[in-house]
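Taking it in order: structure first as structure tokens, then the write-up.
No lab work stands behind these numbers, since they all come straight from the coordinates. From a predicted model like this one, the values you see are computed outputs, not experimental measurements. Quick reminder, even Gly has a Cβ in these numbers, built from the backbone with ideal geometry, and neighbours come from all protein chains shown.
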Amino acid sequence: MKDYYGILGVSSDASDADLKKAFRQLALKYHPDRNPDDKESEEKFKEINEAYSCLSDPEKRVNYDRFGTAEGVGPGVSPFGAGFGDIFEDIFGDFFGTFTGQRRPRPTKGNDLRYDLDITLMEAAFGSEKTIEVPKWETCSECRGTGSAPGKGPVTCSHCKGTGQIRFQQGFFSISKTCGRCNGAGKIITDPCKTCKGNGAVRRSKDITVKIPAGIDSGSRLRITGEGDPGLYGGPPGDLFVILNVEEHPFFKREGTDLFCEIPISFPHAALGAEIEVPTLDGISKIKIPAGTSSGRIFHIKGAGLPKVGGHVRGDQNVRVYVDVPKKLTPRQKELLEEFARINGDELAKSFKEKIKDIFSGTKK
């Protein structure tokens, strides 16, 4: 009498879950695919299967526990029982391939495609539509994706008899694997379509309209469903991913939804004040420069920036002014500035001396 519990390494009161777990671990360890040309592992694998086939069947397990043998297991009878193929596949699925039945190629989604698209700051700010030309595989219209010439359908593969599987004996076990001649399709194209050369698809460029939402930024990814390569065996097509790059603007600098720019002003405007024109995304805007404005001061134009994607509230435009010092002066300009410098210099020097005096007078002991 064989000790089936000992073979599986479990106790006699082991649950169905314990039996299944033990069988799976041992079967993976001793499977012929993992131990090619190893007779000892092959026999061990056979013994494991025999034990599990008996103990996993409630009626056989009762007979084994009472009489030391399972009904139907004896000389000349398969030790796996009629339902072992179902048992093995239920536990391992596709781990070693399908052991019973026929496997057909599964519908497979087509490849996703990527397209890098440059857009301007204005297009990013207000949104736009762009037409792009994308090279991609498309289902052949001549053969409608069959790969065969019109009126000439594919024929049954003689190698696998149309099953898509090749069944062979490995030791004591019958195993099915995908047919290498038809790649599991079960059919072979004998008269290929002249347009697609039997591929069922052709390489073409397609014009696709891309809708760019307002507020988009560099690195954003737009997904266009179904515009990738066609699927295989009836699977859905892939998707097209458009990766956006917002080009640098010669005047504006962007930070999130805010814009930054620099505007030169003259010394008289800085000293006396003025109203200046500033370019914005919406056109020309005017800002007031107060008298005595220093170089580097920043003014804000509310709502002149960019919106968030899907939103309506816009950021601000930040205008930094700087005093533009002229490099060339007329004699009259030079004369007036020298006079201004004398007057201003005396007052500035006096003011500076007073400040220094106040600072250091407090440090004397």
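One decimal place: the segment Asp324-Met122 gains 69.9 nm when fully extended, by the rule 0.36 nm per residue minus the C-alpha distance. Label sites at Lys357 and Glu255, each approximated as a point 7 angstrom past Cα along Cα to Cβ, lie 4.3 nm apart. The residues neighbouring Ile265, those whose beta-carbon lies less than 15 Å from its own, together hold a net charge of 0 under the Lys/Arg +1, Asp/Glu -1 convention. Dipole of region 114-201 computed with +1 at Lys/Arg Cβ and -1 at Asp/Glu Cβ about the Cα centre; of Cys157, Ala185, Pro135, farthest Cα towards the positive end is Cys157. Label zone (Thr108, point 7 Å along Cα-to-C-beta; backbone nitrogen cut-off 15 Å) within region 236-262: 236-238.
Over the C-alpha atoms of region 157-281, the Rg to Rh ratio, Rh being the Kirkwood estimate, stands at 1.41. Relative protection proxy for 209-217, 8-16, from highest mean packing down: 209-217, 8-16 (other beta-carbon atoms within 10 angstrom). Spin-label model, Ile343 to Asp282: label points 7 Å out along the Cα-to-beta-carbon direction sit 4.2 nm apart.
Within a straight-line Cα-Cα reach of under 22 Å, Lys60 can be paired with the following lysines, leaving aside sequence neighbours fewer than 8 residues apart in one chain: Lys2, Lys20, Lys21, Lys44, Lys46. The slack in the chain from Val155 to Thr190, taken as 0.36 nm per residue of separation less the alpha-carbon distance, amounts to 11.9 nm. Just list whichever of Lys288/Lys328; Lys136/Lys161; Lys109/Lys187; Lys211/Lys253; Lys109/Lys211 have alpha carbons separated by over 31 Å in the model shown. Correct reply: Lys136/Lys161. When each of the peptides 281-288, 45-52 is scored by the mean number of other C-beta atoms lying within 10 Å of its residues, the order from highest to lowest reads 45-52, 281-288.
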